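So the structure is just underneath, and the comments pick up after that.
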Number of protein chains: 2
Amino acid sequence: MKKFSPAISALIDALRVLPGVGQKTAQRMAFQLLDRQRDGAAHLAVALESALERVGRCNTCRTLSETPECPVCADPERASAGLLCIVESPADVIAVEQTGQFQGQYFVLMGRLSPLDGIGPADIGLDRLEERFQQGQVKEVILATNPTLEGDTTAHFIADMARRYQIQASRIAHGVPVGGELEYVDHTTLGHAFSGRKTVL
Amino acid sequence: MKKFSPAISALIDALRVLPGVGQKTAQRMAFQLLDRQRDGAAHLAVALESALERVGRCNTCRTLSETPECPVCADPERASAGLLCIVESPADVIAVEQTGQFQGQYFVLMGRLSPLDGIGPADIGLDRLEERFQQGQVKEVILATNPTLEGDTTAHFIADMARRYQIQASRIAHGVPVGGELEYVDHTTLGHAFSGRKTVL
């Protein structure tokens with residue numbers, strides 16, 4: 001008995017598909033599920049199957065959606081402004097929605113340009129984004145990709161594309177988080193905060 | 001669209017059953033599974049169902065097992081020594097097996113005594129352990145519960161029980177880990193290492 005039994009091994013291997021879960025964590029998860037959380041484990045299996053069956057992508061913005069068009073894209077009022085916010089993931093859509101300050105539409109890249117990982121423009125749907133630019137309803141794109149090297153590169157790439165269609169492109173502001181203390185902010189962020197300073201009126 | 005759609009919400013909630021997984025991690029897991037790991041997610045659902053169906057507990061030592069008796073308990077050679085190692089979890093059985101130094105049998109508590117959490121002797125199978133003591137085949141118990149307050153309490157409790165049946169009880173040694181540096185060892189462990197010192201022969 002140097003190893004786990006087949007069904008336990010299979011479960012441990014299957015759990016490793018989860019992000020950030022290695023061998024030890026997967027073992028701990030498997031034991032907890034089989035020992036004390038059997039109802040929860042059965043429920044998880046059902047939820048996985050149900051979500052896989054029902055959740056696809058929005059045909060317009062590519063976010064995860066249970067309908068061919070997600071609720072935001074299906075809302076005619078939100079199309080009227082001609083504002084398109086570009087984000088990396090469906091979680092980012094939720095984050096922007098929670099601010100309550102954006103009334104336009106989204107385009108979800110489901111990733112970012114990353115040539116080293118073989119992720120090019122077509123993999124993040126930029127061909128479909130260009131089609132939308134061609135349709136002429138978009139007046140401004142707000143680039144809300146993450147402030148990482150790859151997120152910045154992606155934002156620049158899309159800004160160049162927007163320029164070819166005379167569409168205004170803006171990048172969300174980066175700086176010291178509200179409530180944060182200067183002392184604990186990393187120097188790149190602080191650099192952004194200085195270069196992006198605004199005149200006090 | 002301030003919230004996730006029903007199937008995604010249900011999946012996020014279901015993932016929170018995993019140990020150490022909170023709302024944010026569950027969100028990230030759900031999106032990764034639905035976006036890039038759909039095969040892995042389907043595989044995980046099947047592995048969960050299969051493990052739940054096939055894995056139960058060993059009737060003798062309580063460890064997770066696909067057969068009524070786990071391979072260790074079913075091995076007559078391992079019973080002959082009369083050695084019983086008490087551990088908290090099936091993962092601990094694997095850890096001890098990997099040392100290759102123990103040829104006896106195990107008893108898996110599937111927990112530890114924790115009165116504050118309402119976990120008493122019956123919850124960790126001590127009634128069944130006592131039955132084994134009564135049967136008279138056990139000559140020595142090796143207490144390999146974790147060196148935590150609760151693990152130590154559990155070990156003491158079982159040692160007292162063993163004494164009533166004239167069974168020798170020993171506790172595994174605690175001290176400085178092999179390859180560890182004194183400087184980085186916490187003082188409780190170092191205290192154990194000093195009080196458990198051995199004469200150099």
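Answer yes if at least one residue in segment B:61-81 is outside the structural domain of B:LEU34 (by TED's automatic domain parsing) and within 30 Å of A:LEU52 (Cβ to Cβ), and no otherwise.
Checking segment B:61-81: at least one residue is outside the structural domain of B:LEU34 (by TED's automatic domain parsing) and within 30 Å of A:LEU52 (Cβ to Cβ).
Could we say that B:GLN166 is surrounded by 11 or more Cβ atoms within 10 Å (Cβ to Cβ), of a type outside the set (A, V, I, L, M, F, W, C) and assigned by TED's automatic domain parsing to the domain that holds B:ALA95 here?
no
Each row is one residue, and each column tells you yes or no for (1) aliphatic (A, V, I, L, M); (2) within 15 Å of A:SER89 (Cβ to Cβ).
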| position | (1), (2) |
| --- | --- |
| A:ASP123 | no, yes |
| A:LEU126 | yes, no |
| A:GLY136 | no, no |
| A:ALA144 | yes, yes |
| A:GLY151 | no, yes |
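Within segment A:92-108, can you find the residues that are in contact (Cβ under 8 Å) with a residue 12 or more places away in the chain and of a type in the set (A, V, I, L, M)?
Scanning segment A:92-108 gives A:VAL93, A:VAL96, A:VAL108.
Within segment B:19-63, restricting attention to residues that are among the hydrophobic types (A, V, I, L, M, F, W, C) and surrounded by fewer than 18 Cβ atoms within 10 Å (Cβ to Cβ), which residue is nearest to the other protein chains (Cβ to nearest Cβ)? If you could, list the steps in order and put the result at the bottom.
Within segment B:19-63, the first condition is being among the hydrophobic types (A, V, I, L, M, F, W, C), and the residues that meet it are B:21, B:26, B:29-31, B:33-34, B:41-42, B:44-48, B:51-52, B:55, B:58, B:61.
Narrowing the set further to residues that are surrounded by fewer than 18 Cβ atoms within 10 Å (Cβ to Cβ) leaves B:42, B:46.
Values: B:ALA42: 6, B:VAL46: 8 Å.
In this case the residue turns out to be B:ALA42.
Residue by residue through segment A:145-201, note down the ones that are of a type in the set (Val, Ile, Thr) and either over 28 Å from A:ASP123 (Cβ atoms) or outside any helix (DSSP H, G or I) (or both).
First, the residues of segment A:145-201 that are of a type in the set (Val, Ile, Thr): A:145, A:148, A:153-154, A:158, A:167, A:172, A:176, A:178, A:185, A:188-189, A:199-200.
Within segment A:145-201, A:THR145, A:THR148, A:ILE167, A:ILE172, A:VAL176, A:VAL178, A:VAL185, A:THR189, A:THR199, A:VAL200 qualify.
Suppose we filter segment A:5-30 for residues that are without any contact (Cβ under 8 Å) to a residue 12 or more places away in the chain and at negative phi; how many remain? Steps first, please.
Step one: filter segment A:5-30 for residues without any contact (Cβ under 8 Å) to a residue 12 or more places away in the chain, giving A:5-7, A:9-10, A:14, A:16-25, A:28.
Okay, now just the ones that are also at negative phi, so A:5-7, A:9-10, A:14, A:16-19, A:21-25, A:28.
The total comes to 16.
Every residue, every condition in (1) closer than 30 Å to B:ALA47 by Cβ; (2) of a type in the set (A, V, I, L, M, F, W, C), yes or no:
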{"residue": "A:LEU48", "(1), (2)": "yes, yes"}
{"residue": "A:ALA51", "(1), (2)": "yes, yes"}
{"residue": "A:PRO68", "(1), (2)": "no, no"}
{"residue": "A:GLU77", "(1), (2)": "no, no"}
{"residue": "A:GLY82", "(1), (2)": "no, no"}
{"residue": "A:ALA95", "(1), (2)": "no, yes"}
{"residue": "A:ASP123", "(1), (2)": "yes, no"}
{"residue": "A:GLU131", "(1), (2)": "no, no"}
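Loosely packed, with under 10 Cβ neighbours inside 10 Å and either under 24 Å from the mean Cα position of the chain (by Cα) or of a type in the set (S, T, N, Q) (or both) - does that describe any residue in segment B:179-188?
Yes: one or more hits.
Would you please list the contacts, defined by Cβ atoms under 7 Å and residues six or more apart or on different chains, that run from a residue in segment B:64-84 that is closer than 27 Å to A:ILE12 by Cα and within 13 Å of chain A (Cβ to nearest Cβ) to a residue that is outside any loop (DSSP other than H, G, I, E, B) and among the hydroxyl-bearing types (Ser, Thr, Tyr)?
B:VAL72/B:TYR106
Going by the structure shown, is A:SER89 under 18 Å from the mean Cα position of the chain (by Cα) and without any contact (Cβ under 8 Å) to a residue 24 or more places away in the chain?
On the way: under 18 Å from the mean Cα position of the chain (by Cα): yes; without any contact (Cβ under 8 Å) to a residue 24 or more places away in the chain: yes.
Yes; evaluated as a whole, the condition is true for this residue.
What about A:GLU97, is it within 7 Å of chain B (Cβ to nearest Cβ), surrounded by fewer than 18 Cβ atoms within 10 Å (Cβ to Cβ) and at pLDDT below 90?
yes
Can you name the condition, by its number, that B:GLY136 falls short on among (1) closer than 22 Å to B:GLU97 by Cβ; (2) small (Gly, Ala, Ser); (3) assigned by TED's automatic domain parsing to the domain that holds B:MET110?
Exception for B:GLY136: condition (1).
Across segment B:135-144, what is the number of residues that are outside any helix (DSSP H, G or I) and over 19 Å from B:HIS192 (Cα atoms)?
So the count comes out to 6.
Is at least one residue of segment B:4-14 in contact with a Ser or Thr (Cβ under 6 Å, 6 or more places away or on another chain), within 30 Å of A:CYS73 (Cα to Cα) and within 8 Å of chain A (Cβ to nearest Cβ)?
Yes: one or more hits.
Hey, among the residues in segment B:102-149 that are among the polar types (S, T, N, Q) and touching a strand residue (DSSP E or B) at 6+ places or on another chain (Cβ under 7 Å), which one's nearest to A:LEU33 (Cα to Cα)?
B:THR145
The values are calculated or read from the model by the stated rules, or taken from the named source; none is laboratory data. Everything quoted here is computed from the prediction, not taken from an experiment. Note that each Cβ is placed from the backbone with ideal geometry, even for glycine, and that neighbours are counted across all protein chains shown.
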